[in-house]
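Everything on this sheet refers to the single structure shown next.
The values are calculated or read from the model by the stated rules, or taken from the named source; none is laboratory data. All values derive from a computational prediction rather than experimental measurement. Glycine also receives a Cβ, built like all others from the backbone with ideal geometry; neighbour counts cover every protein chain displayed. What goes into the accessible areas is simple: the full protein's heavy atoms, side chains included, and nothing from ligands, DNA or RNA. Shrake-Rupley method; radii C 1.70, N 1.55, O 1.52, S 1.80 Å.
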Amino acid sequence: MDGQALLKRLKYAFLHGLTFNVGTSITTGAKNQCTWASIHHKTSPSGGVQAHGFPDPDYFKNCNAELDGLGVPPAHSLDENGKEVMRVLRLHKIEFL
């Protein structure tokens with residue numbers, strides 16, 4: 001799955017409140033802080049997995065698995081803004097005179 005597809009799913013997760021929580025910071029121990037939820041994000045362009053950065057050859061696979069577990073729809077059912085695309089079937093009533 002490519003980066004654009006993953007981005008659609010991350011946008012959906014953000015719009016549905018799945019990205020952040022209010023809780024205790026693991027870093028500082030402070031309570032009532034905005035914290036990451038269960039979706040792993042990259043916060044550095046370098047440094048590898050240990051620094052929450054790239055390169056990380058498993059990032060797309062791992063992130064998509066986390067999104068699957070949260071019930072985020074597949075990318076093909078989302079638009080570029082992360083909103084679900086609804087296909088509406090319109091039935092027309094045909095009257096014969």
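Here are the numbers for this structure:
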{"item": "Test set (1) touching a Leu at 6+ places or on another chain (Cβ under 9 Å); (2) of a type in the set (S, T, N, Q); (3) surrounded by fewer than 13 Cβ atoms within 10 Å (Cβ to Cβ) - GLN50 fails condition number", "result": "(1)"}
{"item": "Looking only at the stretch 16-27, and only at residues there that are of a type in the set (A, V, I, L, M) and either open to solvent by less than 60 Å² (accessible area, probe 1.4 Å) or in a loop (DSSP other than H, G, I, E, B) (or both), the one that is nearest to ASP79 (Cα to Cα)", "result": "LEU18"}
{"item": "From the options ALA5, ALA30, ALA65, ALA13, residue that is at pLDDT 95 or above and either assigned to a loop (DSSP other than H, G, I, E, B) or among the β-branched types (Val, Ile, Thr) (or both)", "result": "ALA30"}
